[in-house]
1. Near the amide H of TYR41, under 5 Å away, which other amide H atoms are found, from residues 5 or more places off or on another chain, if H is placed in the peptide plane?
2. What's the extension gain from GLN54 to ALA98 if we count 0.36 nm per residue and subtract their Cα-Cα distance?
3. Rounded to the nearest 0.05, what FRET efficiency do THR40 and ALA109 give with R0 = 22 Å and r taken as the Cβ-Cβ distance? Could you check?
4. Give me the number: length gained by fully extending LYS119 to SER20, i.e. 0.36 nm times residue separation minus the C-alpha to C-alpha distance, one decimal in nm.
5. Rank by packing, highest mean first: peptides 80-87, 41-48, 24-31, with packing defined as the count of other Cβ atoms within 10 Å averaged across residues.
Amino acid sequence: MDIQQAQALSHTTVEIAASSLPHAVVTYLVEEKMWHLEQTYKHQDGATLITVPQGFRFDLASVPRIIWWLVSPFELSIVAPLVHDFLYLHKGDPPAGAIDPPRRYTRKASDQLFKRIMKKEGVGWWRWRIAYAAVRAFGGASWGTDSVTDTISPPHS
């Protein structure tokens, strides 16, 4: 998916053909360069259920534009960056009820989950390896910062 396709999304279920995961319904907010989760998304991580609330905004994947020729954010799935950004925003400890049973994800555990989800989404092995190495090497600067936002807004009408 390229940027023009992303900008055309509105209340759209983004389906990754090779994925075995439920699809996320997102809208791309062109002016903000952020994705908006239109419906609550639930991800089962083993015995843990992670619930990302409707209205969560995230930047998909913080891949520097200069290397989009190698790995663009649109090639790393939707669910992996969604869940990863949600955990990063809250430093692995989202609000009560978002993780059941309650637990705290370390930065490393959040990054490992990012990798597992990319694999389940069918992201090519070399892409997920580059993305995983990048979040391990550089993600610390974004752990709990405004590279994602917890602004929850009402659904679009």
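1. VAL52, GLN54
2. Computed gain between GLN54 and ALA98 is 14.7 nm.
3. Calculated value: 0.50.
4. Length gained, LYS119 through SER20: 34.7 nm.
5. 80-87, 24-31, 41-48
Read-outs throughout are calculated quantities, based only on the coordinates presented, and are distinct from any laboratory measurement. Computed from a predicted model, the values in this text were never measured in an experiment. Positions of Cβ are backbone-derived with ideal geometry, glycine not excepted, and every protein chain shown enters the neighbour counts.
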